[in-house]
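*Asks:* After the structure tokens below, expect a handful of questions from me.
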Amino acid sequence: MFLDSFYNQNAADLTISAEQGSRFAKAVSNDFNPIHDADSKRFCVPGDLLFAISLQRYGLSQEMSFTFSGMVSADTGLLFPEAPGEEFEIIDGRNKCYLQVQRSTEAVFDQDMIEQLVRSYVLFSGQNFPYILVPLMAQHNVMINPARPLAIYQSMSLHLDRLDLSQPSVELADTQMVVDGKRGDVELQFRLMDGGKLVGCGVKKIILSGLREYQQAAVDGMIADYKAWQAKF
């Protein structure tokens, strides 16, 4: 599958280098968050890459939820269970959990279909900034810290009416944000489509921290920086 070049499978565990994680974020998700730059001191593996590898290994079920509980540093040895049940965890050798997965029993393993769904979802997911989050922040008169922007991918869940998909894709349905002091809880609701027909729905949740009063000039600067990173790539 197309994911094979984005991780290294060893006898004991799976590792993702900074270069692999950064290349996935930029080339597949169109995500230019500096936290996914290979040379960033704060580098972390994109959560969407862990989601994609999980689908590749364990198939697509009608009900699935993914909860991220830790940021994965480059070259962390990850343990993916061999034959998991309806609930399982992705952990490291010290038993630290990074991803909790829940799913319904039945699954399909059509890798071409899963690749199409993964590509559509992670491209949708990678558009958070500036296209989705900036209008939300403006609406609520808050913004993330321009000097240290932090948006944490908390969880994603999906429901499918059926599994016999041929042309799956993802579309944004609605956005919500609840502000509590310096924290913002964001929900991105999406539709799952198949050949133009609605076949399911899902929710991605993001936590914004270090919020302060919205300043258009500062936001314009963040957008300009982001577009410069895109252009450089």
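The values are calculated or read from the model by the stated rules, or taken from the named source; none is laboratory data. This is a predicted model, so every value here is computed, not measured. All Cβ positions, even for glycine, are placed from backbone atoms using ideal geometry, and neighbour counts span all protein chains on display.
*Asks:* Find the residue count for the stretch 197-233, including only residues that are over 23 Å from SER61 (Cβ atoms) and over 17 Å from the mean Cα position of the chain (by Cα).
*Replies:* Final tally of qualifying residues: 25.
*Asks:* Could I ask something else about it? Can you pull out every residue in the stretch 116-132 that is modelled with pLDDT under 95 and either within 14 Å of LEU3 (Cα to Cα) or not in a helix (DSSP H, G or I) (or both)?
*Replies:* Once the filter is applied, which keeps residues that are modelled with pLDDT under 95 and either within 14 Å of LEU3 (Cα to Cα) or not in a helix (DSSP H, G or I) (or both), the stretch 116-132 yields GLY126, GLN127.
*Asks:* Hey, can you tell me all the residues within the stretch 191-222 that are among the hydrophobic types (A, V, I, L, M, F, W, C) and surrounded by 14 or more Cβ atoms within 10 Å (Cβ to Cβ)?
*Replies:* Of all residues in the stretch 191-222, those among the hydrophobic types (A, V, I, L, M, F, W, C) come to 192-193, 198-199, 201, 203, 206-208, 211, 217-219, 222.
Once the filter is applied, which keeps residues that are among the hydrophobic types (A, V, I, L, M, F, W, C) and surrounded by 14 or more Cβ atoms within 10 Å (Cβ to Cβ), the stretch 191-222 yields LEU192, MET193, VAL199, CYS201, VAL203, ILE206, ILE207, LEU208, LEU211, ALA218, VAL219, MET222.
*Asks:* Sort out which residues of the stretch 212-233 are within 15 Å of PHE129 (Cα to Cα), at pLDDT 90 or above and hydrophobic (A, V, I, L, M, F, W, C), and write them in order of number.
*Replies:* ALA218, VAL219, MET222, ILE223, ALA224
*Asks:* Same structure again: Tally up the residues in the stretch 166-194 that are closer than 13 Å to SER120 by Cβ and in contact with a helix residue (DSSP H, G or I) (Cβ under 6 Å, 6 or more places away or on another chain), please.
*Replies:* Count: 3.
*Asks:* Same structure again: Take the residues in the stretch 1-51 that are β-branched (Val, Ile, Thr) and under 14 Å from the mean Cα position of the chain (by Cα), then tell me which one is surrounded by the most Cβ atoms within 10 Å (Cβ to Cβ).
*Replies:* Looking only at the stretch 1-51, we keep the residues that are β-branched (Val, Ile, Thr), and these are 15-16, 28, 35, 45.
Still in the list and also under 14 Å from the mean Cα position of the chain (by Cα): 28, 35, 45.
Working: VAL28: 20, ILE35: 19, VAL45: 28.
The residue in question is VAL45.
*Asks:* Okay, moving on. For LEU78, which of the numbered conditions (1) under 17 Å from the mean Cα position of the chain (by Cα); (2) buried (at least 19 other Cβ atoms within 10 Å of the Cβ) fails to hold?
*Replies:* (1)
*Asks:* Using the structure shown, decide if SER166 is assigned to a loop (DSSP other than H, G, I, E, B) and of a type in the set (Ser, Thr, Tyr). I'd like the intermediate steps shown before the answer.
*Replies:* Working: assigned to a loop (DSSP other than H, G, I, E, B): yes; of a type in the set (Ser, Thr, Tyr): yes.
The answer is yes for SER166.
*Asks:* For residues in the stretch 133-149 being in a loop (DSSP other than H, G, I, E, B) and touching a helix residue (DSSP H, G or I) at 6+ places or on another chain (Cβ under 8 Å), which is surrounded by the fewest Cβ atoms within 10 Å (Cβ to Cβ)? Before the answer, list the steps.
*Replies:* Kept after step one, since they are in a loop (DSSP other than H, G, I, E, B), are these residues of the stretch 133-149: 141, 144-149.
Those left that are additionally touching a helix residue (DSSP H, G or I) at 6+ places or on another chain (Cβ under 8 Å): 144, 146, 149.
On the way: ILE144: 23, PRO146: 15, PRO149: 19.
Going through the qualifying residues, I end up with PRO146.
*Asks:* Another question, if that's okay. For the stretch 100-116, does any single residue satisfy the condition of being within 26 Å of SER40 (Cα to Cα), in contact with a helix residue (DSSP H, G or I) (Cβ under 8 Å, 6 or more places away or on another chain) and surrounded by 14 or more Cβ atoms within 10 Å (Cβ to Cβ)?
*Replies:* Scanning the stretch 100-116, I find no residue that is within 26 Å of SER40 (Cα to Cα), in contact with a helix residue (DSSP H, G or I) (Cβ under 8 Å, 6 or more places away or on another chain) and surrounded by 14 or more Cβ atoms within 10 Å (Cβ to Cβ), so the answer is no.
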